[in-house]
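The values are calculated or read from the model by the stated rules, or taken from the named source; none is laboratory data. Here the structure is a predicted model, which means the values were calculated and not measured. Cβ sites come from the backbone with ideal geometry, for glycine too, and all protein chains shown count toward neighbours.
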Amino acid sequence: MRDDEQEDRVTRRGFLGAAPSGLAAAGLLSTTAIGGQESAAKPNDPVTNNQSLDAENPDAIHPPATDAGGLPPFKYPYSLGEKFVLDGGWVREVTVREMAIAKTISSAQIRLSAGAIRELHWHSVSEWSFMLYGNTRITCIDSDGKSFVTDLKQGELWYFPAGMPHSLQGLGPDGSEFMLAFDDGNFSERETALLSEWMIHTPRDVIAKNFGLSDQVLQKMPTKPLVIFPSEVPGPLKDDQQAAAGVRGRSPVDYAFRTFEQPPTKSNKGGEVRIVDSKNFPVATRIAAAIVTVHPGGMRELHWHPNADEWQFFISGKGRQTVFATAGRARTMDFETGDVGYVPLGAPHYVENTGSADLRFLELFRSNLYQDVSLNEWLANTPPAVVAANLGIDKASLEKLPKVKPVFMPE
C-alpha cells in the first residue's frame, strides 16, 4: 500500500472514529457521561422539523455518544407501507424495496373481514404467519393431495412450504389480521400465483377439457383477479374438514402451531420467550422464530445470532436497540407498535423496553433452527483471567455474571 493511501485510510478511519466526540466537543452532538466524565449540554434545534416523528425517535435526535456513523437504517414503520385496499380486506408489505437492508425476509400485513377470502393461491417461497387479531380458517393440501383445514386465533401461527396451495378466510365476529413472512427479501405479495389469474389466462376450452365440464358451466368464472373478496362466514370447522378430506383423507402434516399450548422457552423477571423452529414445529424448515415479551425495565440481553439475519416485527410497546458492526460502527434506533426491524447475521445488539407496558415483538430467521450467542454466557464460560485482561473487570466481579444465558435482564 502506498504511503498516501495508508495516510488517507488512517485519516478517514480516525475521523469516523473521532466524529461523535469531536462533534460533541464542538457543541453539535449531544453526549452522555462516559467513564465518569460529565456530559455536554444538549444543543437545541432552532429549525422546525417533523415534531411527531422526532418524538417517536429520541435516539435519532440525541443519539448516545457510543453511536458511531456508518450503519444504514434498520427500521421501517408499517404505517408508511402502501395499502392495497380491496372489497373484503387490505394488504400492505415491507420488502427489500421499502427496507434495503432486509435481504432475507419480506413481509405482508393482511386484514380480512368476517367471511372474506384470500383466494386460493400459492407462492414460490415459504410462508410463515402470525395471527395478530381475530380468527382465521386456513386450508391447504400436502404433496400427497391430502387436505388440511383448521382455525387459528390471535397469537397462533401457520407455515406453508413453497409451492403448497392454500387459502385464508376471516371468521366471525370481526375477521382477522395477520403478519405474513416470506423467506426471500425480494418477494412481493403481488408476485403470488392466484388461481383466478391462472384461469383467466388459460384458454376456456382447455379448462373445460381439464375439468371434464361443459363450456356453459364455466361462464361465471372470474374475469379479473380476486385476490381478496367478500363471502359468507363458513360453518363449523368439522364440516369443512370432512368435506375437504374427500377420498384421500386428512394430511398427517400439521401446518399450524398452537403457540400458547406450550410453556415459555425461557421466563424470568425481565421477560419471556417462546422459540418456534423445526424442533417443535417440524414443517417449518425455512423459518425459525422467537416470540418475545420484554417487561417494563427489562432488556433482551446483549447477544448475536450466528446462523442468520434477524427480522423483527414489533407487536406492541416501545423499545430501543443498538446494533454494533465491524470497524467500530454502532447505531441506536427506537421502535414501537407496527415497526419492522432488521439485524444482520453476527451483529451484536440488545432490545430494551423503554415504555411502561410490555414490549412484544417477533424475531424471524431464514433457518430451520433458532440460534443465539449470549455475551453473558460467553464471558462466564471463558477463563476469568482472559476476560479480566480484555475488559479490565476484576475476577470477583466476573464471578457474578450469569453462568447460563439469561436471555433477559434482570433475571
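Looking only at segment 350-369, decide whether some residue is at negative phi and touching a Leu at 6+ places or on another chain (Cβ under 6 Å).
Going residue by residue through segment 350-369, those that are at negative phi are 350-369.
Those still in the list that are touching a Leu at 6+ places or on another chain (Cβ under 6 Å) too: 350, 353.
Taking every residue of segment 350-369 in turn, at least one turns out to be at negative phi and touching a Leu at 6+ places or on another chain (Cβ under 6 Å).
Can you confirm whether segment 48-55 contains a residue that is surrounded by 12 or more Cβ atoms within 10 Å (Cβ to Cβ), touching a strand residue (DSSP E or B) at 6+ places or on another chain (Cβ under 7 Å) and not in a loop (DSSP other than H, G, I, E, B)? Show your work before the answer.
Taking segment 48-55 and keeping what is surrounded by 12 or more Cβ atoms within 10 Å (Cβ to Cβ), we get 54.
Checking which are touching a strand residue (DSSP E or B) at 6+ places or on another chain (Cβ under 7 Å) leaves us with none.
For segment 48-55, residues surrounded by 12 or more Cβ atoms within 10 Å (Cβ to Cβ), touching a strand residue (DSSP E or B) at 6+ places or on another chain (Cβ under 7 Å) and not in a loop (DSSP other than H, G, I, E, B): absent.
Condition check: assigned to a loop (DSSP other than H, G, I, E, B), crowded, with 19+ Cβ neighbours inside 10 Å and within 24 Å of the chain's Cα centre (by Cα). Does Met164 satisfy that? Lay out the reasoning, then the answer.
Details: assigned to a loop (DSSP other than H, G, I, E, B): yes; crowded, with 19+ Cβ neighbours inside 10 Å: yes; within 24 Å of the chain's Cα centre (by Cα): yes.
Judged against the criteria, Met164 is a match.
Just one of the numbered conditions (1) buried (at least 20 other Cβ atoms within 10 Å of the Cβ); (2) farther than 21 Å from Pro234 by Cα is not true of Asp142; which one?
(1)
Here is a list: Gly134, Gly145. Which entry is at positive phi and not in a loop (DSSP other than H, G, I, E, B)?
Numbers: Gly145 fails: not in a loop (DSSP other than H, G, I, E, B).
The unique qualifying residue is Gly134.
Any idea which residue in segment 320-357 is surrounded by the most Cβ atoms within 10 Å (Cβ to Cβ), counting only those that are small (Gly, Ala, Ser) and part of a strand (DSSP E or B)?
Per the stated criteria, the residue is Gly341.
Quickly run through segment 167-182 and pick out the residues that are touching a Leu at 6+ places or on another chain (Cβ under 8 Å) and assigned to a loop (DSSP other than H, G, I, E, B). Outline the logic, then answer.
Of all residues in segment 167-182, those touching a Leu at 6+ places or on another chain (Cβ under 8 Å) come to 167-170, 175-179, 181.
Hit for segment 167-182 is Gly175, nothing else.
Could you identify the single residue in Val404, Val386 that is β-branched (Val, Ile, Thr), assigned to a loop (DSSP other than H, G, I, E, B) and surrounded by fewer than 16 Cβ atoms within 10 Å (Cβ to Cβ)? Steps first, please.
Values: Val386 fails: assigned to a loop (DSSP other than H, G, I, E, B).
Result of the check over Val404, Val386: Val404.
Taking Met179 as the residue in question, decide whether it is surrounded by 15 or more Cβ atoms within 10 Å (Cβ to Cβ) and within 15 Å of Leu120 (Cβ to Cβ).
Numbers: surrounded by 15 or more Cβ atoms within 10 Å (Cβ to Cβ): yes; within 15 Å of Leu120 (Cβ to Cβ): no.
Here the answer is no, as Met179 does not meet what is asked.
For the structure I just gave you, tell me whether Glu377 is in contact (Cβ under 8 Å) with a residue 40 or more places away in the chain and either in the same structural domain as Thr293 (by TED's automatic domain parsing) or not in a loop (DSSP other than H, G, I, E, B) (or both). Full working, then the answer.
Values: in contact (Cβ under 8 Å) with a residue 40 or more places away in the chain: no; either in the same structural domain as Thr293 (by TED's automatic domain parsing) or not in a loop (DSSP other than H, G, I, E, B) (or both): yes.
In short, no.
I'm trying to understand the selection: among the residues of segment 63-85, which are touching a residue at least 24 places away in the same chain (Cβ under 8 Å) and surrounded by fewer than 16 Cβ atoms within 10 Å (Cβ to Cβ)?
Thr66, Gly69, Gly70, Pro72, Pro73, Ser79
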